[in-house]
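This report refers to the structure that appears directly beneath it.
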């Protein structure tokens, strides 16, 4: 299991979901699966892009396994800090 915290990129005007900010995810999850869950929670349309950044500075590829990102970017306290950012892509 991967321990992660999730927060909004500071300059975004995007609603924040507060019911989940710390959670456990299976290590075999791919980043794309996490993006799908977050998109549903934020009720985002298809024209909006969503990016995840590990520790606020490393863009996470949707095809990357969480276990690999956790190994590379795990904080001293044992958590993976993930920031999400939105970008209008198609219009």
> Using 7 Å Cα-to-Cβ label points, what is the residue 24/residue 48 separation (nm, one decimal)?
Replying inline: 3.0 nm
> Once you put a point 7 Å from the Cα of residue 72 and another 7 Å from the Cα of residue 40, both along the Cβ direction, what distance in nm separates them?
Replying inline: 2.7 nm
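Computed from the coordinates by the stated procedures, all read-outs in this text should not be read as laboratory data. Just so we're clear, the structure is a prediction, and the values are computed from it rather than from any experiment. Glycine gets a Cβ as well: all are built from the backbone with ideal geometry, and neighbour counts include every protein chain shown.
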